[in-house]
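To keep things clear, I will list the structure first and then write my remarks on it.
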Amino acid sequence: MVGFFTSHGSPTILTEDSPWKEFWRRMGEKFSDVDSVVVISPHFFTYSRFYVEVQDILESIHDFYGFPDELYKFKYSAKNDVELANKIYKEALRDGLPVIEDTSWGLDHGAWIPLMYMFPKGKPTVSLSISGASLEDHIRLGKAIARATDRNILVMGTGSPTHRLDLFQLSSKKETFLDPLLSDAVSKGVEEVLSLFKGKEWKKSMPEGDLKPLFVVMGYSRRPGRELLHDIPWPGISMIAYIFT
């Protein structure tokens with residue numbers, strides 16, 4: 001049971017010289033034998049229920065605006081592991097989680113950017129949303145994924161622990177307050193990460209999607225994780241990666 005969390009960064013990373021692209025390639029080699037990927041992006045947000053995508057093909061979505069035209073030429077798609085998606089839906093429903101099967105989304109940039117470098121030839125993929133539910137319910141969703149299959153899958157969440165777009169626009173100093181605390185908490189387990197929520201560092205850093213994808217991954221893996229890479233490529237935005245094995 002392998003869990004992986006990685007920041008996806010700004011769409012501009014596609015044309016920038018960044019260590020993350022080589023990192024994702026290496027991680028793709030490491031995970032080359034997985035049967036399928038379950039991806040949870042903070043940009044796939046639904047309010048009242050978790051969404052499980054069940055269409056045959058998951059197409060890339062360019063859910064960003066006002067960027068250079070060349071960024072919209074990048075495309076990626078993946079075959080949906082519909083059988084696994086259905087099993088996850090049923091397990092989440094059995095656990096009493098508010099969940100629905102859907103065909104309206106796909107892979108937003110929080111999902112397809114890292115996937116494109118990790119699995120350029122594609123890998124069967126399942127796309128799940130985060131929702132307005134509690135962090136604890138996102139942990140339960142991760143546990144439902146674990147119960148849904150005994151196959152060799154990778155559960156991957158994405159997002160940035162420091163996501164202050166106001167500081168990015170002001171070209172402020174590159175710094176973070178939450179990230180060292182988060183890495184220490186991740187190394188100890190999900191309860192430690194939960195204890196950071198509502199703390200002053202958490203509020204000051206405005207984590208992307210409240211790091212709900214991370215809680216899904218930790219619910220799935222049921223283990224502490226370790227940091228693989230950390231970077232502050234832009235003012236107000238940090239990137240980090242954890243593995244849970």
All positions within segment 59-93 that are out of contact with any strand residue (DSSP E or B) (no Cβ under 6 Å at 6 or more places or on another chain), of a type in the set (D, E, K, R) and without any contact (Cβ under 8 Å) to a residue 40 or more places away in the chain: Asp69, Lys73, Glu83
Test: residue in segment 203-217 that is over 18 Å from the mean Cα position of the chain (by Cα) and not small (Gly, Ala, Ser): yes
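The rows are residues; the columns are (1) among the hydrophobic types (A, V, I, L, M, F, W, C); (2) within 18 Å of Thr149 (Cα to Cα); (3) modelled with pLDDT under 95.
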site: Glu59; (1), (2), (3): no, no, no
site: Tyr65; (1), (2), (3): no, no, yes
site: Tyr72; (1), (2), (3): no, no, no
site: Ser77; (1), (2), (3): no, no, no
site: Leu84; (1), (2), (3): yes, yes, no
site: Tyr89; (1), (2), (3): no, yes, no
site: Ala92; (1), (2), (3): yes, yes, no
site: Trp105; (1), (2), (3): yes, no, no
Pair list, Cβ under 9 Å, 6 or more apart: segment 7-35 residue under 19 Å from Asp108 (Cβ atoms), other residue among the β-branched types (Val, Ile, Thr) and not in a helix (DSSP H, G or I): Ser7/Thr158; Ser7/Ile237; Ser7/Ile240; His8/Thr158; Gly9/Ile237; Ser10/Ile237; Trp20/Thr6; Trp24/Thr6
Qualifying residue in segment 31-38 (condition: of a type in the set (Gly, Ala, Ser) and buried (at least 20 other Cβ atoms within 10 Å of the Cβ)): yes
Residue check, Pro235 of a type outside the set (Gly, Ala, Ser), touching a Phe, Trp or Tyr at 6+ places or on another chain (Cβ under 7 Å) and over 25 Å from Tyr51 (Cβ atoms): yes
Of all residues in segment 39-54 being part of a strand (DSSP E or B) and among the β-branched types (Val, Ile, Thr), the one that is surrounded by the fewest Cβ atoms within 10 Å (Cβ to Cβ): Thr46
Hits in segment 127-162 - residues which are over 12 Å from the mean Cα position of the chain (by Cα), at pLDDT 95 or above, over 20 Å from Thr245 (Cα atoms) and not charged (D, E, K, R): Ser131, Gly132, Ala133, Ser134, Leu135
Residues (exposed (fewer than 15 other Cβ atoms within 10 Å of the Cβ), in a loop (DSSP other than H, G, I, E, B) and of a type outside the set (Gly, Ala, Ser)) located in segment 68-97: Pro68, Lys75, Asp95
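The values are calculated or read from the model by the stated rules, or taken from the named source; none is laboratory data. What you see is a predicted model, and the numbers here were worked out from it, not measured in a lab. Heads up, the Cβs are rebuilt from the backbone with ideal geometry, glycines too, and the neighbour counts pull from every protein chain shown.
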